[in-house]
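Notes follow the structure.
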Amino acid sequence: MAGIGVKLNKIYGKNTITSSLYGFFYSTVITIAPMLLVFAAVVVMQLLLDFSSAGYASRELYSCTVLYIFIFSLLVVAPFNSVISRFMSDMIYEERFDDILPCFYGGLLMTTAVGCCLGVPFCLREHFVGGVPVYYVFTSFCGYTCLIMVIYSMMYLSISKDYKRVSILFFVSMLCAVAASLAFRYLLGMESTYSALLGLTLGFFLTAVLEYGQVKQFFPGNSGRYRTMLGYFRRYWKLVFSNFFYVLGLYVHNFVFWTTPQRTVVVKTFVCAEAYDAATCIAMFTNIAASVIFIARMEMRFRFRYKAYTEAVIGGRWADIETAKRRMFRQVAEELVNLVRIQFIVSVIVYFSAVILMPRIGYGGLALEFYHCLAAGYFPLFIMYSAILFLYYFNDLTGALLTSVLFCSVVFLGSLFGTRLPYLWGGIGVFIGSMTGFLTAYFRLRWLERHLDAHVFCTGRLLKRALGRMPSGKVLDRRTGKDETELIARR
C-alpha cells in the first residue's frame, strides 16, 4: 500500500467533516472494496434470481459450493503470496523489473497446480459419490481456479498503486456477473442456483483476465529467469508458514464446528455448520473497519517514521539513529493504541446494529448466540494482524511465525473446548487464540525494540557461507613468522 500516504494526508489535512468522510471512503476503496463488491454480487444474485423458488437441496449445494470456493482458494494462495510479495519488493528496489513477469508466471503455475491437486479429488468425489451432475461440478471447479488466479494477481496490482482502477475493474466484472446470471435465468431458463454459480464463475474469469492485462501493462518485459524466485522460498520459508498459519487460523474454528452435531452434510461431500458459518461472516464484517483504519494511519504516520530511521541507519550519526528509533517505536505504540480505541467504538456501533437487524433478516436463534463471542474474538484478531505487519516491517520473520503458529494452535484447541460449552461461548477459541497471538506479537515488538541494534547491524556475515572443508584457524606461525593465509592461498 506504499504511496497512498501523500493522498491521505492531503485529504485529512483539510480538517473538515466532509474531508474525513471522503478519507474514510478512499481508504475503504483501496483496501477492502474488491472483497465488498464480490460479496455484494453474491447477495444481489440471491435477491434477483428468486432463490426462494429453488429447492432446499439446490440452495444448500450452492451455498456450500460458494463457501468452499472462497475458503480453499484463500488457503491455496496463502503459502505463496507473502514470499512472492517479498520477491517483487526486492526486484523493484533493485530496479530489475524484467524479473517480475517470470515471477508472475511461475507463481501462478505453482498456485494453480496446488489448487488442482486439492480440487480435482474433491470434485471427483462430488460427482461419483454425491451424484452431482458433471456440468455443475465443472462449473464450480472453474470458479475455484479462477478465484485462485484473482487472489494471486491482486499482489501484482497493488504495486501499480492505481487502486481506483482496480476497484473499477472489480465493479465491472461483478456487474457483468450479475447481468450474466440474470440472462441465464430469465432468457435461457436455467435453474436459479446454477445461474448464480455460472454467473459468478464468469465474473471471476473476467476479473482474472483484466488483472492479467493490468500486470502486462505495468511489467511488459520478461527476462526469462524463472529460477530466481524459487530461491526465495528456501530463503524466506518462515514467511510461507507464517502467512499460511494465519490464514488457516481464520478458518480452523469453522473446520472444528463442521465435526459437531450442528453440521450439515450435503451430497455426501460438503460439510458445513450453517449457523456458525453465518455468525463468523457477520462477526468478521463487524470488525473489518480495522483494516481500513490501520492501512490509512500506517501510510499517513508510521511509514515516515520508518523511512527516517532507515535513512539514519544508512548515513546518520549514532545519536540520530537512536532518536529515530525512539520516535519510530513511539509511533508503533500510538498506532496500536489508536487502532484499538477507534475500532472499539466502530465495533460497538456495528455490534448493536447487527444484534437488532440479524433476527429481521433470518439470522436469529443459534446464529445470534454464536455471534456474540465471535464478534469479541475478531476484535483482537485484526489488531493482532496489524502487529504482525509491524513485525514484517522490521523483518522479524521469527516473531511473525511464532505469532501465527500460536494463534492457529490456540484457536484450534480453544474451539475444541468451545464445542463442549453452551452455544453462547462457541467462539471462545477465536477470542483466546486472537488474544494469545496479539500478546505474542506485542511482546515480540517490545523485545525487538530492546534488541533492534543487534537485529539490524549484526545479521550480516563477513565470510560467504559454502560447503567444504573448514580452513585452518591458524593465521600466523609464531616460530617462522610466515602468514599461513598466504600459504593456504598459494596451495
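The values are calculated or read from the model by the stated rules, or taken from the named source; none is laboratory data. Every value quoted in this text rests on a predicted model; they were computed, and no experiment measured them. Cβ coordinates were reconstructed from backbone atoms using ideal geometry, including for glycine residues, and neighbour counts include every protein chain displayed. Ligands, DNA and RNA are stripped out before the accessible areas are found, and what is left, the full protein with its side chains, is counted by its heavy atoms. Shrake-Rupley method; radii C 1.70, N 1.55, O 1.52, S 1.80 Å.
Before moving on, here are some points about what is shown:
- Projected label points at Arg234 and Cys142, each 7 Å from Cα along the beta carbon direction, are separated by 4.0 nanometres.
- Each of the peptides 405-415, 333-343, 175-185, 315-325 was scored by the mean count of other Cβ atoms within 10 Å over its residues; in descending order, highest first, they stand as 405-415, 175-185, 333-343, 315-325.
- Spacing of the modelled spin labels on Lys307 and Phe255, each 7 Å from Cα toward Cβ, amounts to 4.1 nm.
- Label-zone membership for the stretch 138-158, site Phe218, 7 angstrom Cα→C-beta point, backbone N under 11 Å: 153-158
- Ordering of 345-356, 238-249 by burial proxy (mean other Cβ atoms within 10 Å per residue, highest first): 238-249, 345-356
- Accessible carbon and sulfur surface of the stretch 126-233 relative to its total accessible area, %, 1.4 Å: 72
- Whole-number accessible area per residue in Å² for the stretch 55-158, which is evaluated in the context of all protein chains at 1.4 Å: 40
- Chain lengthening between Arg469 and Tyr186 when straightened (0.36 nm per residue, less Cα-Cα): 94.3 nm
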